[in-house]
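The values are calculated or read from the model by the stated rules, or taken from the named source; none is laboratory data. No experiment lies behind these values; they were computed from the predicted model shown. Heads up, the Cβs are rebuilt from the backbone with ideal geometry, glycines too, and the neighbour counts pull from every protein chain shown.
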Amino acid sequence: MLWCAGGVHRRRELEELIDTVAVIGIGRMGGAMAARLRSRGFDLVLWNRTASKAASLAAGLGARVATSPSEAVGDAEVVVCSLGDDAAVRAVHGGPHGIAQGISPGTVVLEMSTVDPLVIHEVGRLVDGAGGILLDAPVSGSVQTVAAGGLMIMVGGDGAARNRAAPVLDALASEVIHLGGRGTGATMKLAVNALVYGINGALAEALVIAERAGVDRAAAYDVFVGGVGGAPYVGYKRDAFVDPETTPLASSLDIVAKDLDLIARLAARAGAPIPQTEATRDLVQQALVAGFSGRDLSAIAEYLRDR
């Protein structure tokens, strides 16, 4: 993100206007984003469906805990939502204790969950009706990327609202791309995931080919990282592929399966053929049936070894 001298002054003015950020959803990414925002000086209010998880994180960060989404957003200038699926997003925005019931006029909601773009339009209307402004702002990156403030954030929606939320976006990201109208961020996130999951499947196959043909696993992986196919994803997934038993879970195959279903629905609406993604989707389903639920997406390589 590039700021001219006047832009820097404007950003400082905006930072002064953002006293409180509400973080809705304290999973791996939501928790990491809360920690990052607190380290940058923002006052936080946290809400999570499992209240004890929010309380534990809040105690370590010096943040407040809300008893409902509507309570969490009441005093916030910016809201960060990081939830698991379409149903969770609908439930948190709607209902008697949802975001739309408690939001203050002018509050910017950053919906960072990976969901169907149609859901973004649906909950966006709820937020609009309550006087807030919803941006879809999903991310590309890992928990480690969050800690370094190095996410890429894909924004869809009102440009003025994007500028108002800039201090929060900048605290989390090294690059923020405003793609267009509401829903374009969510659409781009699914397209990015189609690419990532395709790379993941191809990487698993290539690694198992090399191993079965007699090449040491770690040596083969080093070649992948240093070769022409060494995308950033290949580099930061090294430990997960080379030493899967000791590497913490990053993104589970269950979440991958959910995302692949979303990608397939979006592609069907757009009339886009996705033969590679369909093959990846079938492979993930086979791994889940074989007992790999709850495992990292790199476990596709383990599934192929077992076969």
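Data overview
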{"item": "Within the range 258-282, considering residues that are among the aliphatic types (A, V, I, L, M) and buried (at least 20 other Cβ atoms within 10 Å of the Cβ), the one farthest from Asn200 (Cα to Cα)", "result": "Leu262"}
{"item": "Residue match in the range 148-163 (condition: of a type in the set (Lys, Arg) and free of Cβ contacts under 8 Å to residues at least 12 places away in the same chain)", "result": "no"}
{"item": "Check on Val256, among the β-branched types (Val, Ile, Thr), at pLDDT 95 or above and over 20 Å from the mean Cα position of the chain (by Cα)", "result": "no"}
{"item": "The range 95-110, subset small (Gly, Ala, Ser) and crowded, with 17+ Cβ neighbours inside 10 Å, residue farthest from Asp259 (Cα to Cα)", "result": "Gly102"}
{"item": "Flag for Leu195 being assigned by TED's automatic domain parsing to the domain that holds Arg281, buried (at least 22 other Cβ atoms within 10 Å of the Cβ), of a type in the set (A, V, I, L, M, F, W, C) and under 30 Å from Arg307 (Cβ atoms)", "result": "no"}
{"item": "Flag if Tyr233 is outside the structural domain of Gly124 (by TED's automatic domain parsing), in a helix (DSSP H, G or I), within 26 Å of Ser113 (Cα to Cα) and modelled with pLDDT under 95", "result": "yes"}
{"item": "Options Asp216, Asp239: the member that is free of Cβ contacts under 8 Å to residues at least 12 places away in the same chain, surrounded by 14 or more Cβ atoms within 10 Å (Cβ to Cβ) and either within 21 Å of Leu190 (Cα to Cα) or not aliphatic (A, V, I, L, M) (or both)", "result": "Asp239"}
{"item": "Strands (runs of 3 or more DSSP E) within the range 131-218 that include 1 or more residues under 20 Å from Ser252 (Cβ atoms) and of a type outside the set (Gly, Ala, Ser)", "result": "151-156"}
{"item": "Residue among Ser104, Ser52, Ser70 that is of a type outside the set (Phe, Trp, Tyr), assigned by TED's automatic domain parsing to the domain that holds Asp158 and part of a loop (DSSP other than H, G, I, E, B)", "result": "Ser104"}
{"item": "Residue satisfying all of: in the range 64-87; among the aliphatic types (A, V, I, L, M) and without any contact (Cβ under 8 Å) to a residue 40 or more places away in the chain; surrounded by the fewest Cβ atoms within 10 Å (Cβ to Cβ) among these", "result": "Ala87"}
{"item": "Pair list, Cβ under 9 Å, 6 or more apart: the range 33-58 residue under 22 Å from Val89 (Cβ atoms), other residue at pLDDT 95 or above and among the acidic types (Asp, Glu)", "result": "Val45/Glu71; Trp47/Glu71"}
{"item": "Residues within the range 268-307 that are among the small types (Gly, Ala, Ser) and in contact (Cβ under 8 Å) with a residue 40 or more places away in the chain, tallied", "result": "6"}
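Matching residues to (1) small (Gly, Ala, Ser); (2) modelled with pLDDT of 95 or more:
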{"residue": "Pro69", "(1), (2)": "no, yes"}
{"residue": "Ala88", "(1), (2)": "yes, yes"}
{"residue": "His121", "(1), (2)": "no, yes"}
{"residue": "Leu126", "(1), (2)": "no, yes"}
{"residue": "Asp136", "(1), (2)": "no, yes"}
{"residue": "Val143", "(1), (2)": "no, no"}
{"residue": "Gly156", "(1), (2)": "yes, yes"}
{"residue": "Pro167", "(1), (2)": "no, yes"}
